[in-house]
Amino acid sequence: MENKVFKCQMCGECCKGEGGIIVTLREIERMAKYLSLTPSDFMEKFICKTPDGKLSLAVKKDGRCVFFDTEKKGCIVHPVKPDICLAWPFFKGNLEDEYSFLMAKEYCPGILRHTKFDEFKKYGYFFLKKHNLLKDEENGPNALKISVSGQCE
Ligand code: SF4
Ligand code: SF4
């Protein structure tokens, strides 16, 4: 199916730290491998623990994710980024609720302006299925055997 609904403009709005990007062990392992680090070293450098004990990508002083390259305007770990980053803006809420879709459209300039809710939903589910993003995953520290000392701010 052709994508006629979305083209990322690399503005970095969705890479801001609000709520953090919660990651799984599988995602940590693939990002660590991509950066030629051990999972342990990766976690030491780039992961912090949220107040409710989840593991999150650290954020920089400007509020953006530690992996957002402000100069080049892009994600340093793009080919292996977390599933939640890959899935945006096709989050289930945006595919099921038109109001959420309109809010996402306001927020994300990558959702093409002419896009109607029905076509967004149709392509979104196609995209999620294609990338195997429809299943829920276990998350949080219990998925990990490595401890994290840094707290998210
Ligand atoms: S907010 Fe949209 S256009 Fe901007 S970086 Fe994120 S996905 Fe791309
Ligand atoms: S991992 Fe990449 S896409 Fe995801 S929030 Fe960080 S910079 Fe953005």
In the range 46-57, is there at least one residue being touching an Asp or Glu at 6+ places or on another chain (Cβ under 9 Å), buried (at least 16 other Cβ atoms within 10 Å of the Cβ) and among the hydrophobic types (A, V, I, L, M, F, W, C)? yes
Evaluate the following for E2: is it among the charged types (D, E, K, R), surrounded by fewer than 15 Cβ atoms within 10 Å (Cβ to Cβ), more than 14 Å from ligand 2 (Cβ to nearest atom) and outside any helix (DSSP H, G or I)? yes
Which of the helices (runs of 4 or more DSSP H) contained wholly in the range 8-117 include at least 1 residues that are more than 9 Å from ligand 2 (Cβ to nearest atom) and over 17 Å from L133 (Cβ atoms)? 25-34, 39-46, 98-107
Condition first: modelled with pLDDT of 95 or more, of a type in the set (G, A, S), surrounded by 12 or more Cβ atoms within 10 Å (Cβ to Cβ) and farther than 17 Å from E13 by Cβ. Can you find one or more residues in the range 115-135 that meet it? yes
Reported set for the range 24-46 where residues are among the hydrophobic types (A, V, I, L, M, F, W, C) and modelled with pLDDT of 95 or more is I28, M31, A32, L35, L37, F42, M43, F46
Cβ-Cβ under 6 Å, sequence separation 6+ or interchain: first residue in the range 107-126 and more than 10 Å from ligand 1 (Cβ to nearest atom) and of a type in the set (S, T, Y), partner assigned to a loop (DSSP other than H, G, I, E, B) and at pLDDT 95 or above. Which pairs? T115/V5; Y123/V5
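The values are calculated or read from the model by the stated rules, or taken from the named source; none is laboratory data. None of the values given here were measured: they were computed from a predicted structure. Cβ: placed from backbone, ideal geometry, glycine included. Neighbour counts: every protein chain shown.
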